[in-house]
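A.B. asks: Take this structure, written in structure tokens, and hold onto it; I'll ask about it next.
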Amino acid sequence: MGRAEARRAQQGSARRAKTKQKKSGIRRLFTWKKILGTFLGVCLLGILGFIGLYLYVDIPNDGNKQAQLQSNVYKYADGKVMARVGQVNRENVSLDRIPWAVQRTFVAAENKNFYHDSGVDLMGTARGILNTLMGKGKQGGSTITQQYVKNYYLTQEQTVSRKLQEIVISLKVDNKLGKDKILAGYLNTSYYGRGAYGIQAAARAYYGVDVDKLTVSQGAYLASLLQAPNQYDWSLATKDGQKRVKERWAYTLNNMVEMHWLSPQQRAKQKFQIPKDPKPLPGVSGQTSYIVAEAKRELMAQGVDGKQFDAGGWTITLGIEKDKQKALERAVKHKLTDELNPKARKVDGDAQLGATSVDPKTGHVVAMYGGAGYPKHYTNNATRSDYQPASTFKPLILASAMENNAVTQDGVPITPNTIYDGRNRRPVVGGTIPFAPPNEDEHNYDKITVQTATNNSVNSVFAQMGADVGLDNVKKTAVRLGMDGSKMDVKPAMTLGTMGASPLQMAGAYATFDNHGKKVTPAVVTKAVHTVNGVDNELSLKDPIGPDVLSRRTADTLTSVLTGVVNDGTASESVKNTAYQAAGKTGTSDDNKSAWFVGYTPKLVTAVGMFGESPKGGAQVTLKGTGGGGRVNGGGYPAKVWADYTENALGGNTGGDFDLETDMGAAVPPTTSPTPTVTPSTTPSPTGTPSSTPSGTPSSPSGRPSHTPSGRPSSPTTPSDTASPPDGGVDGGDTSGTTSGADGGTGGNGNGGTKGANSVPGFN
């Protein structure tokens, strides 16, 4: 070996020794024991960290606010949706409302092993993230439990910390809630497209049915939507999108067969059902705006928290019957608004109308008319109580007289047959404040029965009757019948209906007559269910039908008397030739600012009020001249609207005759002669002694129109200086002169009289 070769050999040996030394150092640093130890240490730290995280992270007490927002759904009496109101189109439903096979479509599409897993699928979660990163759209990946936790408790953000939270909470939720509650929560919180959150909203949005009517095929489509709601919405999807969703639909059904939730034979019968085109959500406008607001007011009055209610989740069933509601709206249009021309007559723009129709046996409001609707008119005319009910209050005075066994100044019991002095402006005897109200159009009446005084709305008779009964007693009766006592001043003028009242309240009072004395408090809401986390909680509502507040004899007698108003009295011109028996009372208030008709049949009670309201500022104004006529009486537009509505609302189901237990009033033949009474008067009678025969003869027993004269004189028996003016006479609104006294009566237009401290209008 030469020197050069020896040198090379030496250098190679040195290099090998150095390499060997380096390798042995690495081996000492990275031995398999150290690697294994490090791995086990990391695993232990991970396990300890996860245990710590599991102990640290709790299930949130409440879900996120967005997940809890729902619509409040308002339904007609027959269950059809009237409106959905809320920030989010969601209506939570309990799992038992969702068909079993439809439930399984979602499990088959999203998480076949849902009923057996622990709530978490780590491999599936990783796969879902990978697929999302690869541009294949949002993939399921997570279990149904994880998706529910993400929807209800967390947010949609994609971060490591949120994902860890999701896993921990999912494990705890699976252990705590159970599969049924998790599935219900998942179905109710998922987004399906078309603005629909939850399976009920989705069923309505895509197939126009409630969730309990979904088929397996429809359920499979909705389950398929969750993967890509907008891309798979049939109305928005491209041809490729439609192809993919059909493939997803088929995949779902095939999985159901695999899981033995669908037989192969049933699978073969399934046909893809193309969803309906999108439709706008039923909103709040027109009469719906008033009805929805009134329903909410009722629920607040029964203790429902306002914030909780506005968060949604309520399904409110109303007593409103769609056919009757439409009939009422048509009646207002045909009998009033079609005749108004605000451009030609400024007063026509001041006319407002409100109406409430009630089933007297249930107390449910079956129809309501509140005005032009939001945003044209925000005040609900059916529930407003700032206008005077005028003479529609008079039957309550007679009811109070009979309930309190009241007698006249001569000690004669007050009944429909009792004779009163009907002279115009006759001063009331026995009152604490001087009061001498005018009759409508300044008419003078002879000695007349209470029945005839009711038919013709004779103010002087009811003013005296109020004093005979006692005004405090009259107020107590009115309050028992549902009127607001805070709006009643116990003064003689209250006998003419000078307090405030709403069509809703008056309908309730008359419904109590119709219901034989059992208290009726009209209610719009018949059922209210709040769904929280898939659990239905039904609110216990007060029964609209209460205890007896009038004896049946009194209530039935009032009904009998009020048939005379319809057949022979102030409403006969508008309400005649009907196929059903009816009762009611008209009213016209001070300055003709309101006009009323409250009428009823054995099956339906409807109060119609017409109000003069300035479009600017809402001040009360006269209705005189509305429609191109003179004074607006209760027997005019209000009675016409009532008659048109009632005829169409009842249809062929007229309900027959009233079932009355009474021997008095216009609906039954008299069994005794009218009971005369001679009421002392400070003013001589211009007609002399009482007539031996009452001027009003009761109507036929059936209550149908008779040919008996109404009892109103063919011509006034007053002196010539009190004759009606050329424009057709005056009512309370046109009066100006008053008799003396702290609460004096009102004189006629141009007829003078000395002025008192408080002028009182002449009402009818």
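The values are calculated or read from the model by the stated rules, or taken from the named source; none is laboratory data. Just so we're clear, the structure is a prediction, and the values are computed from it rather than from any experiment. Using ideal geometry, Cβ is built from the backbone for each residue, glycine included, and neighbour counts are taken over all protein chains shown.
A.B. asks: Of the numbered conditions (1) at pLDDT below 75; (2) closer than 25 Å to residue 244 by Cα, residue 143 satisfies every one except a single condition; which is it?
C.D. replies: Tallying (1) at pLDDT below 75; (2) closer than 25 Å to residue 244 by Cα, residue 143 fails exactly one: (1).
A.B. asks: With respect to the numbered conditions (1) in contact with a helix residue (DSSP H, G or I) (Cβ under 8 Å, 6 or more places away or on another chain); (2) part of a loop (DSSP other than H, G, I, E, B), which one is the sole condition not fulfilled by residue 253?
C.D. replies: (2)
A.B. asks: For residues that are of a type in the set (Ser, Thr, Tyr) and out of contact with any Asp or Glu (no Cβ under 9 Å at 6 or more places or on another chain), scanning just segment 65-122, find the one that is nearest to residue 320 (Cα to Cα).
C.D. replies: This residue is 74.
A.B. asks: Right, something else. Of these, 598, 608, 575, which one is crowded, with 24+ Cβ neighbours inside 10 Å and at pLDDT below 95?
C.D. replies: Going through 598, 608, 575 in turn, the sole match is 575.
A.B. asks: Which pairs turn up if I take residues in segment 455-478 that are more than 15 Å from residue 439 (Cα to Cα) and in the same structural domain as residue 412 (by TED's automatic domain parsing) and look for partners that are charged (D, E, K, R) and part of a helix (DSSP H, G or I) with beta carbon separation below 7 Å, at least 6 apart in sequence or on another chain?
C.D. replies: 477/403
A.B. asks: Mind telling me which of the residues 689, 671, 646 ends up being farther than 30 Å from residue 574 by Cβ and either at pLDDT 70 or above or under 46 Å from the mean Cα position of the chain (by Cα) (or both)?
C.D. replies: 671
A.B. asks: State which residue is farthest from residue 363 (Cα to Cα) when the search covers only segment 639-662 and only residues that are of a type in the set (Gly, Ala, Ser) and in a loop (DSSP other than H, G, I, E, B).
C.D. replies: Only one residue tops the list, namely 652.
A.B. asks: Please work out if residue 600 is more than 26 Å from the chain's Cα centre (by Cα), of a type in the set (Phe, Trp, Tyr) and in the same structural domain as residue 657 (by TED's automatic domain parsing).
C.D. replies: It is false that residue 600 is more than 26 Å from the chain's Cα centre (by Cα), of a type in the set (Phe, Trp, Tyr) and in the same structural domain as residue 657 (by TED's automatic domain parsing).
A.B. asks: Take the residues of segment 241-263 that are of a type in the set (Phe, Trp, Tyr) and within 15 Å of residue 222 (Cβ to Cβ): which is surrounded by the most Cβ atoms within 10 Å (Cβ to Cβ)?
C.D. replies: Once the filter is applied, the top-ranked residue is 249.
A.B. asks: Turning to a different aspect of this structure: Being assigned to a strand (DSSP E or B), closer than 30 Å to residue 398 by Cα and of a type outside the set (Asp, Glu) is the filter here, so list the residues in segment 523-551 that pass it.
C.D. replies: 523, 545, 546, 547
A.B. asks: Ok, one more. Kindly provide the set of residues from segment 413-437 that are of a type outside the set (D, E, K, R), touching an Asp or Glu at 6+ places or on another chain (Cβ under 9 Å), surrounded by 24 or more Cβ atoms within 10 Å (Cβ to Cβ) and over 13 Å from residue 462 (Cβ atoms), ordered by number.
C.D. replies: 424
A.B. asks: Within segment 445-477, track down each residue that is surrounded by fewer than 24 Cβ atoms within 10 Å (Cβ to Cβ) and of a type in the set (A, V, I, L, M).
C.D. replies: 467, 471
A.B. asks: Filter segment 61-100 down to the residues that are in a loop (DSSP other than H, G, I, E, B), of a type in the set (Val, Ile, Thr) and touching a strand residue (DSSP E or B) at 6+ places or on another chain (Cβ under 8 Å), then identify the one that is nearest to residue 115 (Cα to Cα).
C.D. replies: Once the filter is applied, the top-ranked residue is 93.
A.B. asks: Sticking with this one: Would you point out the residue of segment 274-294, among those that are at pLDDT 90 or above and touching a Phe, Trp or Tyr at 6+ places or on another chain (Cβ under 7 Å), that is surrounded by the fewest Cβ atoms within 10 Å (Cβ to Cβ)?
C.D. replies: 274
A.B. asks: Scan segment 295-310 residue by residue and report those that are of a type outside the set (Lys, Arg), crowded, with 19+ Cβ neighbours inside 10 Å and in contact with a helix residue (DSSP H, G or I) (Cβ under 8 Å, 6 or more places away or on another chain).
C.D. replies: Passing the criteria: only 299.
A.B. asks: Among the residues of segment 503-522, write down those that are of a type in the set (Ser, Thr, Tyr) and in a loop (DSSP other than H, G, I, E, B).
C.D. replies: Result: 521, single match.
A.B. asks: Looking at 570, 554, which one is at pLDDT below 95 and either in the same structural domain as residue 643 (by TED's automatic domain parsing) or assigned to a loop (DSSP other than H, G, I, E, B) (or both)?
C.D. replies: 570
A.B. asks: Find the residue count for segment 180-190, including only residues that are in contact with a Phe, Trp or Tyr (Cβ under 6 Å, 6 or more places away or on another chain) and closer than 14 Å to residue 110 by Cα.
C.D. replies: Total satisfying the criteria: 2.
A.B. asks: So which residues in segment 300-324 are within 18 Å of residue 84 (Cα to Cα), part of a helix (DSSP H, G or I) and at pLDDT 95 or above?
C.D. replies: Result: 322, single match.
A.B. asks: Same structure, new question: Would you mention how many residues in segment 227-240 are touching a residue at least 24 places away in the same chain (Cβ under 8 Å), surrounded by 16 or more Cβ atoms within 10 Å (Cβ to Cβ) and not in a helix (DSSP H, G or I)?
C.D. replies: Looking only at that region, the number is 4.
A.B. asks: Let me ask something else. Among what's in segment 538-572 and is over 18 Å from residue 605 (Cα atoms) and basic (Lys, Arg), pick the residue that is surrounded by the fewest Cβ atoms within 10 Å (Cβ to Cβ).
C.D. replies: Out of the qualifying residues, it is 542.
A.B. asks: Here is a further query. Pick from segment 72-113 the residues that are more than 19 Å from residue 297 (Cα to Cα) and among the basic types (Lys, Arg): which of them is surrounded by the fewest Cβ atoms within 10 Å (Cβ to Cβ)?
C.D. replies: Of everything passing the filter in segment 72-113, 80 is surrounded by the fewest Cβ atoms within 10 Å (Cβ to Cβ).
A.B. asks: So if I check each of 313, 319, 306, which one is free of Cβ contacts under 8 Å to residues at least 24 places away in the same chain and under 30 Å from residue 198 (Cβ atoms)?
C.D. replies: Selected residue: 306, the only one of 313, 319, 306 that is free of Cβ contacts under 8 Å to residues at least 24 places away in the same chain and under 30 Å from residue 198 (Cβ atoms).
A.B. asks: Take segment 367-400 and flag every residue that is among the aliphatic types (A, V, I, L, M), over 20 Å from residue 525 (Cβ atoms) and buried (at least 24 other Cβ atoms within 10 Å of the Cβ).
C.D. replies: Residues satisfying the conditions are 390, 396, 397, 398, 399.
A.B. asks: Restricting attention to segment 618-638, does a residue exist that is assigned by TED's automatic domain parsing to the domain that holds residue 370, over 18 Å from residue 381 (Cα atoms) and outside any loop (DSSP other than H, G, I, E, B)?
C.D. replies: yes
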